[in-house]
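**Q** After the structure tokens below, expect a handful of questions from me.
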Amino acid sequence: MEYRYDLNEKTLYIEENRIPAYSLEKNEIGNCTACDSVLMSLSYHSAGENIAVITKCISCGAFYANLYDSDWNWVDEVQITLLPIPILISNPVIYSWKELEAVPIKKLEAVFSKGEIEALFARAKDKTPVRQYLYRARKKYDLFEEIFDLRLEL
């Protein structure tokens, strides 16, 4: 049987069956078969009549599914494959008035002045903004992206 694990969602896949975690409790589960160091639990899953405890070795980083029966008697240990973690290549980009309107005003106020915010909205609506405010706002685009992971392209 193939055991795969999604680290982001804490979900175990056995063949094509998706099994969400019922607990994320951290416990020492045993020793790693690769390096004899401590295994820490990441999540617990009900897998049919068994309980699957997903573990990670604190030393070598190996991942295992430790299987127990319903009385917590050890049954087996299976090495698992991690699902690839999607890597965001770039931050979401704000191009239009609708997208800018969806950004919470508190986020905008954290970086931009009132005049700069008005200039951003004017620019997004294809109206003529106060040039100096828009210029100042554009100088702060990188800071806004760094803080909120949103890129402004207005």
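Residue-by-condition table, conditions (1) at negative phi; (2) out of contact with any strand residue (DSSP E or B) (no Cβ under 8 Å at 6 or more places or on another chain):
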position: 72; (1), (2): no, no
position: 77; (1), (2): yes, no
position: 90; (1), (2): yes, no
position: 133; (1), (2): yes, yes
position: 144; (1), (2): yes, no
position: 153; (1), (2): yes, no
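**Q** Going by the conditions given, is residue 104 open to solvent by less than 80 Å² (accessible area, probe 1.4 Å), more than 23 Å from residue 90 (Cα to Cα) and either without any contact (Cβ under 8 Å) to a residue 12 or more places away in the chain or touching a Gly at 6+ places or on another chain (Cβ under 9 Å) (or both)?
**A** No.
**Q** Which residue pairs have Cβ atoms under 9 Å apart, sit 6 or more places apart or on different chains, and have a first residue in the range 138-154 that is in contact (Cβ under 8 Å) with a residue 12 or more places away in the chain and a second that is open to solvent by 90 Å² or more (accessible area, probe 1.4 Å) and assigned to a loop (DSSP other than H, G, I, E, B)?
**A** 149/88; 152/95; 153/95; 154/95
**Q** Only one residue in 70, 113 is in the same structural domain as residue 8 (by the TED database) and in contact (Cβ under 8 Å) with a residue 12 or more places away in the chain. Which one?
**A** 70
**Q** Inside the range 43-86, counting only strands (runs of 3 or more DSSP E) that do not spill past its ends, which hold 2 or more residues that are of a type in the set (Asp, Glu)?
**A** Per the criteria, 74-79.
Results for (1) farther than 30 Å from residue 150 by Cα; (2) loosely packed, with under 14 Cβ neighbours inside 10 Å, shown as yes or no for each residue.
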position	(1), (2)
10	no, no
17	yes, yes
29	yes, no
35	yes, yes
51	yes, no
56	yes, no
61	yes, yes
82	no, yes
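**Q** Pick from the range 88-145 the residues that are of a type in the set (Ser, Thr, Tyr) and not in a helix (DSSP H, G or I): which of them is farthest from the chain's Cα centre (by Cα)?
**A** This residue is 128.
**Q** Moving on to the next point. Among the numbered criteria (1) open to solvent by less than 100 Å² (accessible area, probe 1.4 Å); (2) over 30 Å from residue 46 (Cα atoms); (3) of a type in the set (Phe, Trp, Tyr), which single criterion is violated by residue 95?
**A** Going through (1) open to solvent by less than 100 Å² (accessible area, probe 1.4 Å); (2) over 30 Å from residue 46 (Cα atoms); (3) of a type in the set (Phe, Trp, Tyr) one by one, residue 95 breaks only (1).
The values are calculated or read from the model by the stated rules, or taken from the named source; none is laboratory data. Everything numeric here is computed off the predicted structure, so don't read it as measured data. When we count neighbours, we look across all protein chains shown, and the Cβ atoms used for this are built from the backbone with ideal geometry, even at glycine. Note: accessible area is taken over every heavy atom of the protein model, side chains too, but ligands, DNA and RNA are not part of it. Shrake-Rupley method; radii C 1.70, N 1.55, O 1.52, S 1.80 Å.
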